[in-house]
Amino acid sequence: MNSLHAGCGNSSRTGSGQSRHSRIYRIGGGGERYWRVEGRADATFLGLGALIRMPDGDDVEVAYRLARSAWGRGIATEAAGALVNHALGALALPRVVAVTYPDNVASQRVLCKLGFEPRGLTEYKGVQATWHVLTREAWRART
Ligand SMILES: CC(C)(COP(=O)(O)OP(=O)(O)OC[C@H]1O[C@@H](n2cnc3c(N)ncnc32)[C@H](O)[C@@H]1OP(=O)(O)O)[C@@H](O)C(=O)NCCC(=O)NCCS
């Protein structure tokens with residue numbers, strides 16, 4: 001299924017500080033940027049998260065990439081929710097942004113569930129990408 005933006009439908013707030021399957025750690029040497037996602041029960045590596053400055057401007061991007069074996073269990077939502085909480089809470093950023101390939105419906109759904117607002121398309125590192133924004137005000141209204 002191809003879509004510019006997955007509909008939020010019955011958007012629920014999941015993963016924000018309520019991790020059940022995973023936990024996320026900052027990786028040494030990367031400053032605030034790179035985070036390891038691992039299983040809560042056994043510390044198995046599940047993927048990476050990141051808070052990265054966008055190529056243009058001051059916005060910080062929330063990014064995540066999971067091992068295939070970790071898909072479909074809500075872990076991306078948990079991990080991205082933890083990054084959002086850190087960026088908008090501890091770091092007190094005014095907003096965070098995210099981009100996805102236009103056909104990456106699962107990732108768009110993750111962002112929807114966390115309260116990101118879809119803002120159409122943008123060019124990101126030379127390719128068309130969907131553009132999503134979550135302001136601190138909107139995030140606080142959900143917590
Ligand atoms: C995209 C990715 C992050 C999703 O991880 P995940 O842990 O499976 O995501 P979650 O389980 O938290 O949430 C996925 C949501 O998308 C939905 N979904 C998955 N595939 C879908 C599809 N083809 N169409 C519609 N919805 C879909 C799931 O049902 C779920 O929504 P729900 O909770 O409302 O049921 C993971 O597949 C991944 O790392 N892919 C490779 C790298 C990547 O794409 N990174 C993101 C870059 S923008």
>> Please state the shape class of region 79-122: rounded when a/c is under 1.5, otherwise prolate if a/b exceeds b/c and oblate if not, all from the C-alpha gyration tensor.
In response: prolate
> Taking H as built 1.01 Å from N, whose amide H comes closer than 5 Å to the amide H of Leu46, not counting residues under 5 places away?
Replying inline: Val37, Glu38, Gly39
> So for the pair Asp103, Arg20, with labels modelled 7 Å out along Cα→Cβ, what separation do we get in nm?
Replying inline: 3.2 nm
>> Please state the shape class of region 24-109: rounded when a/c is under 1.5, otherwise prolate if a/b exceeds b/c and oblate if not, all from the C-alpha gyration tensor.
In response: oblate
> In nm, to one decimal, how far is the Ser69 label point from the Ile52 one, both placed 7 Å along Cα→Cβ?
Replying inline: 2.5 nm
> For labels at Phe45 and Thr143 in the simple 7 Å Cα→Cβ model, what's the distance in nm?
Replying inline: 3.1 nm
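Values quoted throughout were computed directly from the atomic coordinates according to the rules given, and no laboratory measurement underlies them. Please read all numbers here as calculations on a predicted model, not as lab measurements. Glycine also receives a Cβ, built like all others from the backbone with ideal geometry; neighbour counts cover every protein chain displayed.
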